[in-house]
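Participant: Next up is a structure, given as structure tokens.
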Amino acid sequence: MTRPFGVKGKKRKHSQSKQDSEEEHQQPPPKKAVAEESEESPPEAEPAPTEEDELSGIPIAPSEKESTKSNVIFILEKASLEVAKVGKTYQLLNSDDHANFLRKHNKNPGDYRPDITHQSLLSILDSPLNKAGRLRNVYIRTEKGVLIEVKPFVRIPRTFKRFAGVMLELLQKLSISAVGKREKLLRTIKNPVTQYLSVNSRKIGLSYSSDKLVDMDDYVSKISSDMDLVFVVGAMAHGKIETDYTEDYIAISGYPLSAAYCITRITGALERKWKIL
């Protein structure tokens, strides 16, 4: 007896559906390792530096790699680096541009000399001593107690106006990176500065008022060659530095000298001691 065409097609369709469901049921379960791998989210790629990051950075000066021999560290104490809101913008205060603003707030304009820090940094970083890789670091401690680390291969702006802009950005953002890189060339760090100094180092403070007047060449020649040297120089217009971590206080001239010229005498004596031409 022949079945109706419609009934036969329905049975065949039902049979095919049953076969498909059985095949799906018989498929082996995925391996556990594969399942675990699919659940892990792929590592996020580090975001590429934006145009804004590159513009806010500063370039790196070419120099030799840091020497494994004894090195020198400079600490600029009592630096006048203070930011205030003048009008509608924040600015780095200085005696030339903000004399009226400072007098209005009962402050002596002569005490606001960030140019001293600028000149001192140029003297240190431009020296053959630094370019030979014997400068380990520069630290700046402001009048307000903010401690700043300056890498020896940073290229400080030559003009004071641009330098003031860099310092303003540093004190607001707390760090400045190299152009197109993530390395921090300038950054604020925690006090005290002594935690960043090597144990085997001689810490020397400079002051015109010191009773110990020395010839710089003779002085450094008597220091052991395997010892790091830390020189503490005042970066203020008036007064003297008073620190509790210096082991020796010396005067290198019978006349008052600028901070930048003191640094020039120090670097020159060390270059002669270490035969750096």
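Participant: In this model, which of 85/107; 107/151; 85/151; 161/212 are farther than 26 Å apart at the alpha-carbon?
Facilitator: Cα-Cα > 26 Å for 107/151; 85/151; 161/212; rest within.
Participant: Ok, one more. Using amide H atoms built in the peptide plane, which far-off residues or other-chain residues are under 5 Å from residue 137 H to H?
Facilitator: Answer set, sorted by chain and number: 74.
Participant: For residue 84, what residues show an amide H to amide H distance below 5 Å, using hydrogens built from the backbone and excluding near sequence neighbours?
Facilitator: Those qualifying (amide H under 5 Å, at least 5 residues apart or on another chain) are 91, 93.
Participant: Could you check the simple spin-label distance between residue 214 and residue 86, using points 7 Å along Cα→Cβ, in nm with one decimal?
Facilitator: Modelled inter-label distance: 3.9 nm.
Participant: Another question, if that's okay. Find out how many positive minus negative residues lie around residue 246, taking Lys and Arg as positive, Asp and Glu as negative, among other residues whose Cβ is under 15 Å from that of residue 246.
Facilitator: -1
Participant: Over the range 169-277, what is the relative contact order in whole percent, taking alpha-carbon pairs under 8 Å and six or more residues apart?
Facilitator: Once normalised by length, the contact order is 29 percent.
Participant: Take each of the peptides 140-151, 207-218, 182-193, average the number of other beta-carbon atoms within 10 Å over its residues, and list them starting from the highest.
Facilitator: Listed from highest to lowest mean packing, they are 140-151, 182-193, 207-218.
Participant: At a Förster radius of 35 Å, what calculated FRET efficiency corresponds to the Cβ-Cβ distance of residue 199 and residue 106, to the nearest 0.05? Working shown, then result.
Facilitator: Numbers: r = 44 Å, r/R0 = 1.26.
Using R0 = 35 Å, I get an efficiency of 0.20.
Participant: While we're on this one: In Å, what Kirkwood hydrodynamic radius results for the range 168-277 from the alpha-carbon pair distances?
Facilitator: One decimal place: 16.1 Å for the Kirkwood radius.
Participant: Multiplying the sequence separation of residue 69 and residue 226 by 0.36 nm and subtracting their Cα-Cα distance, what value in nm do you get? Numbers along the way, then the final one.
Facilitator: Values: separation 157, 0.36 × 157 = 56.52 nm, distance 0.70 nm.
Result for the pair: 55.8 nm of gain on full extension.
Participant: Would you tally the net charge around residue 103, using a Cβ to Cβ cut-off of less than 14 Å, leaving residue 103 out, and scoring K and R as +1, D and E as -1?
Facilitator: Neighbour charge sum, excluding residue 103 itself: -1.
Participant: Could you list which residues have their amide H under 5 Å from that of residue 154, counting only those 5 or more apart in sequence or on another chain, with H placed in the peptide plane?
Facilitator: 61
Participant: Checking the table 181/275; 78/104; 144/184 against a 32 Å threshold on Cα-Cα, which pairs fail?
Facilitator: Details: 181/275 34 Å; 78/104 23 Å; 144/184 22 Å.
181/275, as the Cα separations exceed 32 Å there.
Participant: Starting from the exponent 0.38 and prefactor 2.2 Å, build the expected Rg for the range 181-230 from its residue count and divide its actual Cα Rg by it.
Facilitator: 1.58
Participant: Please list log₁₀ I(q)/I(0) at q = 0.14, 0.16, 0.21 Å⁻¹ for the range 109-149, using the Debye equation with identical point scatterers on the alpha-carbon positions.
Facilitator: Those come out to -0.39, -0.50, -0.75, one per q.
Participant: From the square roots a ≥ b ≥ c of the eigenvalues of the alpha-carbon gyration tensor of the range 113-193, which class results: rounded (a/c under 1.5), prolate (a/b over b/c), or oblate?
Facilitator: rounded
Values in this text are rule-based calculations from the coordinates and carry no lab data. Quantities reported herein were computed from a predicted structural model and do not represent experimental measurements. Ideal geometry is used to build each Cβ from the backbone, glycine not excepted, and the neighbour counts take in all protein chains shown.
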